[in-house]
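I have placed the structure first, in the form of structure tokens, so that the comments after it can refer back to it.
The values are calculated or read from the model by the stated rules, or taken from the named source; none is laboratory data. Computed from a prediction, not measured in an experiment: that's the story for all the values here. Cβ sites come from the backbone with ideal geometry, for glycine too, and all protein chains shown count toward neighbours. Ligands, DNA and RNA are excluded from the accessible area calculation, which covers all protein heavy atoms including side chains. Shrake-Rupley method; radii C 1.70, N 1.55, O 1.52, S 1.80 Å.
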Amino acid sequence: MEAVAGRVNHQLRRHYGPGATRFLGDVLVYQRHREAIHARVRERIGAVDPELGRGPERPVRVVAHSLGGVIAVDMATAGSPLWTSSLITFGSQPAYFHLCDPRGGQLSPYADEQSVNLPRSLARWTNLWQPLDPLAFTASRVFRLADGTSPVDVPLSHAAGAGLWTHSVYWRLPEVAEAVREAFTV
């Protein structure tokens, strides 16, 4: 029995280990170099238009996957926020990160099952997630937008052929393409 369990353990580690290591490594790098990463994102946005995202009159629209969603929410809720009119996240963890390590900026910690109020700098948020994706979390149970509504959590069907690792297949889903189209035509 131990030999079978050992082989299963080895196969699981071989198959899922490299992806998990890359993800955790990215998280650690982001946590350590958060300000530098935010500055780089602001620099790239500023290269398009120096006023973009600097205030409510010129907000950005953001589409972000996985850790990119955490970065987008952190930036939109920072002391000097990236003003965001529409955020689409998929396979992302902002709510989970905030529960584990309150993000700061303009956000209060989650306490007593009371939703955390998001600032006006994050106007609209659609969060797409697959229930079988171990790295995807809902946002509406943790956050409230400034207008009192919840971020919109959209559960997606399991992608056929993705197996148990659904985290990397979002771009193949028609619901994701439709949400992105909608965000950029409003």
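Quick one: accessible area per residue over the stretch 50-134, 1.4 Å probe, rounded to a whole number of Å²?
Numbers: 3580 Å² over 85 residues.
Computed with neighbouring chains in place, this is 42 Å² per residue.
So what are the ³J(HN,Hα) numbers for the stretch 137-150, from phi and the Karplus equation (6.51, -1.76, 1.60; θ = phi - 60°), rounded to whole Hz, Gly and Pro as x?
Result, rounded to whole Hz: 9, 6, 10, 5, 7, 10, 10, 10, 6, 4, 7, x, 8, 8.
Would you kindly give the portion of the calculated P(r) for the stretch 48-98 that falls above 17 Å, as a percent of all Cα pairs? Please list the in-between numbers first.
Values: 423 of 1275 pairs.
Cα-Cα pairs in the stretch 48-98 separated by more than 17 Å: 33 percent.
How many nm separate the modelled label positions at F184 and E43, each set 7 Å beyond the Cα in the direction of the Cβ?
Label at F184, label at E43, 2.5 nm between them.
Multiply the residue separation of E51 and H33 by 0.36 nm, subtract the distance between their alpha-carbon atoms, and state the gained length in nm to one decimal. Walk me through the numbers before you get to the answer.
On the way: separation 18, 0.36 × 18 = 6.48 nm, distance 2.44 nm.
Extra length from E51 to H33 when fully extended: 4.0 nm.
How are the alpha carbon pair distances in the stretch 55-156 distributed across 10 Å bins from zero to the largest one, expressed in percent?
Each 10 Å bin holds this share of Cα pairs: 17, 55, 26, 2.
Using a 1.4 Å probe on the protein heavy atoms only, what accessible surface does S150 show? Give it in Å² to the nearest 10.
40 Å²
State the answer as a single residue: which of G79, S66, P56 lies farthest towards the positive end of the charge dipole of the stretch 56-114, with beta carbon charges of +1 for Lys and Arg and -1 for Asp and Glu, about the Cα centre.
P56
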